[in-house]
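Student: Below you will find the structure I want to go over with you.
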Amino acid sequence: MTTTTVPSPPVPVGGPRRVSLPRVFAVELADDLRGVVREPAALFFSIVMPVGFFVLFVSVFGRQNGGMLATFGTFGVLAVTLMNPGMGVAKDRERGWLRAKQVSAVPLGVTLAAKVVASFPYAVGVLVAMAGAAAATGSLVVTPWQLVRLCVVLVLGAFPFALLGLAIGFQASTNAAAAILNAILMPSAVVSGLWMPLEFLPAFLGHVAPFLPPYHLARLALAQIGPGEVLPHALVLLGTTAVTGALAALSYRFARP
């Protein structure tokens, strides 16, 4: 009896070819950047709607509230960084693409990091659009340096919210993830004073707001264009990052197929 031996594939000179993580990350990032534009729901809820709300409010209140760009900017950045990574993961999971990547040579951490980072340029774009709308209505009262600081603080401060979006995306369908994330974003935006100052809202909401992370991100944003505390709010966001990071890791471990 003759035994047929199947030859092993040739091994490249120098050993097996290694995956170039920066190149893989760049490919994943480019795909996720295009994915936001291809997804109408994500495009509307995370980009068009926040800018539209800001244009409406700034046209009504004008220069009466110099912190409006900071608070609405917080809402706009959260809309992008909370919605897009979570919906992207949910969509990949539904298509089976996430499972395929789990068994591929591409580290899953690179894929997830690309989804989070892909939301940052759009977050900056939302802030720039809001600043442009404020300038067009004559209510832009921040300097270019303050605007840069505002962008940096909001983008970095939104990281824990992106982790929360991932945690939900690992468990919910695309439509359910969009509903859940909006149910988190909208009430917390109102109660945290992102749309209008807490002084204009019922008094009890002022006692609830400090327990919500968006409130602390908005306080950090306001401190970039005027006087305000930084350290207490930064510590709260660091603690939030630890919690949402643990939730994202646990959710991934028990991710729904």
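What follows is calculated from the coordinates using simple rules that are stated; it is not laboratory data. Since the structure is predicted, the reported quantities are computational estimates derived from the model, not experimental observations. Every residue, glycine as well, gets a Cβ built from its backbone with ideal geometry; the counts of neighbours run over all protein chains shown.
Student: Fewest first, what order do L235, L205 take by the number of other Cβ atoms within 10 Å?
Tutor: Starting with the residue having the fewest Cβ neighbours, the order is L235, L205.
Student: For R149, R23, which order do you get if you count the other beta carbons within 10 Å of each Cβ and list the fewest first?
Tutor: So the ranking, lowest neighbour count to highest, is R23, R149.
Student: I would also like to ask the following. If you put +1 on each Lys and Arg Cβ and -1 on each Asp and Glu Cβ, how big is the dipole of the range 21-253 around its Cα centre, in Debye rounded to 20?
Tutor: Approximately 400 debye in magnitude.
Student: Test of understanding: ordering Y252, Y215 by Cβ neighbours within 10 Å, fewest first, what list do you get?
Tutor: Numbers: Y252 18, Y215 23.
The fewest-first ordering by Cβ neighbours comes to Y252, Y215.
Student: Name the residue from L127, N84, L181 whose Cα lies farthest towards the positive end of the charge dipole of the range 21-253, charges +1 on Cβ of Lys and Arg and -1 on Cβ of Asp and Glu.
Tutor: It is N84.
Student: Can you compute 3J(HN,Hα) from phi for each residue in the range 219-228, using the Karplus curve 6.51 cos²θ - 1.76 cosθ + 1.60 with θ = phi - 60°, rounded to whole Hz and x for Gly and Pro?
Tutor: 5, 5, 5, 5, 5, 7, 10, x, x, x
Student: May I pose another question? For the residue pair R99 and R149, what label-to-label distance in nm results when each label sits 7 Å from Cα along the Cα-to-beta-carbon direction?
Tutor: It works out to 5.0 nm between the two label points.
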